[in-house]
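Novice: Starting off with a structure, shown below.
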Amino acid sequence: MTQMRVQTQRLSEEQAIASASGLSRVFIEAGPGSGKTVVAVQLFGVQRLADPTDSRSVVALSFTRSATSELRSRITRAWGPRASRSPHRVCTIDAFLNEIVCVLLASGEIGWPKGRIELDVIDDWKTVADMQYGLSGARLTMQDGVIGIERSWSSERKNRIQLTQFREKIESGICSHDDVRRVLSLYLQEAEGRRKLGVWLRNNFRCVVVDEVFDANQLDIDLLRIAVEANIEVSVIGDPWQALYGFRGARPDLIGDLVKGEKFERIVLTRSYRFETDTQLALANELRAGNPVELVSGTPMQCDVVLAHKWETLWSSSSAILPMAIKSGSSPQWAIASIILHAVVQAHFGIPGHHYKEAFRLVGIEGIVQINAATARLEPAVGHLTLFDEATALRESWDHAVGIIRELSGVVVLGQRAPSRLKPLRARLLEPGQLVIGMTVHQSKGREWDNVGVVFTESELQHVSKGLSVNSEPDRVCYVALTRARESTFLLNEVQPLTGSIVS
Ligand SMILES: Nc1ncnc2c1ncn2[C@@H]1O[C@H](COP(=O)(O)OP(=O)(O)OP(=O)(O)O)[C@@H](O)[C@H]1O
């Protein structure tokens, strides 16, 4: 531990107070770019160095993989790679919940069907099972700690995994993050479950730092309450204007109850450090005040990244923008298109495509070694896309990827008209200028760039021109997009739209 490097960035006085208050329950609330993540990084490091005799873990949590990865890399930069090495960790709240459920399984506190104690937790059932559109599905139950399976009914029609496949997957240890959350919720319905979890947390953790806390849902808040009651130091950090995960059950309104009920000390960071130009600072201030705002038009070439609420919006925008993903799908054709896109994104920007693991999994390729091997062999599929004749280019690229998949996993992907899906991707590769990366606003959370482009829908434009409200999630999506730039934000709606089928 003594080899850890200390953070070198100069903290402002208010950041220093927030990072080293010595209080056991702190709620740090602040606007964009005010250094919330800087403070989370500092809190983590201060706790790590605090008491070398205390072997319990310090854990930093965030809600999305991209925000967690930003937090982890900043902790590594500030405190060195040893800082977050086991038993300490920086992870998503989902990973933390998985860990808790695995501990409960390993200790026999709860019993998984067929006695499984190790789980393979997937993001979404549609990558491993056939889905049926309707009201019926399947879910987990719990009786005296024993997990069971039952058919479920809902009032809302949607694609769901059905009972037989659900049973088969669950019994082989495969489940979704939602299933993990359900198991833990059921376990915590009993006072005894809450008490035992509190004891386990107290024995294993000395401090929990939660960034982006306004993305927490009821279970996350319950967990924090149990941690507080177990006398663990808990710091929660966030900005109500940046809560984006209502669709996943996030309840920004619950944070007030938590911090009041558990007597958190509230510390406000007042100064923003992100905005390096007066115009960008003024934009952020006007938006937060709910005032109407007129955006400056620009071109993709002026931007380091382009953001939109949905992947489809990016695909139907300028062909100088290369989105990192196609809207999540479940067909093998979606998987092939996503895999080729992943290879293109990797080649252009040195980072993976957004849904690449799910896409590979859908065609039977799993594990980082296999995925990397497959990606390396996809290079010709990327090259073929720029062949002179369009029909040949699309067909050769598609067939190459399908051939590699068949060779590596045995999965055969059919689809005569499928290669036409690659048209929008080919258009991007034929762009004469440099491509700029496109991502959703959700991907951009917690991150920043010098110059940011946004593509807004008509309704988003109207909201921005009327003034945003913190109580509306669509408004908050616009707000997050418009506060990612250090220097300038450009509206890219004027650029020539492109028609294509990759999004369908
Ligand atoms: N005291 C400081 N001095 C100089 N720069 C700072 C200071 N604090 C933060 N910064 C810089 O300001 C920028 C924003 O910081 P950070 O990302 O931590 O803010 P944030 O509040 O988490 O932002 P958001 O919630 O909008 O994602 C970063 O580039 C960071 O390095």
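Novice: May I ask you to order 62-71, 103-112 by the average number of other C-beta atoms within 10 Å around their residues, highest value first? List each step's numbers first, then the result.
Specialist: Values: 62-71: 21.1, 103-112: 16.4.
Per-residue mean Cβ counts within 10 Å order the peptides as 62-71, 103-112.
Novice: With a 10 Å radius around each residue's Cβ, average the other Cβ atoms per peptide and rank 240-251, 337-348, highest first.
Specialist: Numbers: 240-251: 17.9, 337-348: 23.0.
Result, highest mean first: 337-348, 240-251.
Novice: Okay, moving on. Just to confirm, what accessible area per residue do you get for the stretch 328-430 at 1.4 Å probe, in whole Å²? Mind showing how you got there, number by number?
Specialist: Values: 4620 Å² over 103 residues.
Dividing the accessible area of the stretch 328-430 by its residue count gives 45 Å².
Novice: For the stretch 328-430, evaluate the Debye formula with one uniform point scatterer on each Cα (no solvent term) and list log10 I(q)/I(0) at q = 0.10 Å⁻¹, rounded to two decimals.
Specialist: Summing over Cα pairs of the stretch 328-430 leads to -0.22.
Novice: Then there is this: For labels at V369 and T279 in the simple 7 Å Cα→Cβ model, what's the distance in nm?
Specialist: 5.2
Novice: What residues qualify as long-range amide H neighbours of V306, i.e. H under 5 Å apart, gap of 5 or more or another chain, H built at 1.01 Å from N?
Specialist: For V306, whose amide H was placed from the backbone, the distant partners under 5 Å are I437, G438, M439, G453.
Novice: Continuing with the same structure: Restricting to Cα pairs below 8 Å that are 6+ residues apart, what does the relative contact order work out to for the stretch 328-430? Please round to a whole percent. Walk me through the numbers before you get to the answer.
Specialist: Working: 113 pairs, mean separation 28.7, N = 103.
Relative contact order for the stretch 328-430 comes out at 28 percent.
Novice: Hey, another quick one. Tell me what the chain gives for mean residue ellipticity at 222 nm when only DSSP H runs of n ≥ 4 count, each as -39,500 (n - 2.57), the sum divided by the residue total, rounded to 500 deg cm²/dmol. Intermediate values should be presented prior to the final figure.
Specialist: Details: 20 runs with 214 residues, N = 504.
It comes out at -12500 deg cm²/dmol, rounded to the nearest 500.
Novice: Carbon and sulfur: what percent of the chain's accessible surface (1.4 Å probe)? Could you put the intermediate results ahead of the total?
Specialist: Working: 10930 of 22540 Å².
It is 49 percent, rounded to a whole number.
Novice: Might you tell me the accessible area per residue for the stretch 70-125, computed with a 1.4 Å probe and given in Å²? Present the calculation step by step, with values, prior to reporting the outcome.
Specialist: Values: 2520 Å² over 56 residues.
The answer is 45 Å² per residue.
Novice: While we're on this one: If you wrap the stretch 383-467's Cα atoms in a convex hull and average its projection over all directions, what's the area in nm²? Mind showing how you got there, number by number?
Specialist: Working: hull surface 37.5 nm².
Result: a mean projected hull area of 9.4 nm².
Novice: Rounded, prolate or oblate: which one fits the chain, using the alpha carbon gyration tensor with axes a ≥ b ≥ c (rounded when a/c is under 1.5, else prolate when a/b beats b/c, else oblate)?
Specialist: Since a/c reaches 1.5 but b/c is at least a/b, the shape of the chain is classed as oblate.
Novice: Could I ask something else about it? Nearest-5 percent of antiparallel DSSP beta bridges in the chain?
Specialist: Close to 25 percent.
Novice: Can you give the % of DSSP beta bridges in the stretch 109-181 that are antiparallel, to the nearest 5?
Specialist: On the way: 12 of 16 bridges.
Taking every DSSP beta bridge with both residues in the stretch 109-181, the antiparallel ones total about 75 percent.
Novice: While we're looking at this one, here's another question. Given Cα pairs under 8 Å that are at least 6 residues apart, what percent is the relative contact order of the chain?
Specialist: Numbers: 917 pairs, mean separation 88.9, N = 504.
Taking the mean separation of contacting Cα pairs over the length of the chain, I get 18 percent.
The values are calculated or read from the model by the stated rules, or taken from the named source; none is laboratory data. Note that this is a predicted model, so its numbers are computed, not measured. Glycine gets a Cβ as well: all are built from the backbone with ideal geometry, and neighbour counts include every protein chain shown. Just the protein is used for accessible areas: all its heavy atoms, side chains included, with ligands, DNA and RNA removed. Shrake-Rupley method; radii C 1.70, N 1.55, O 1.52, S 1.80 Å.
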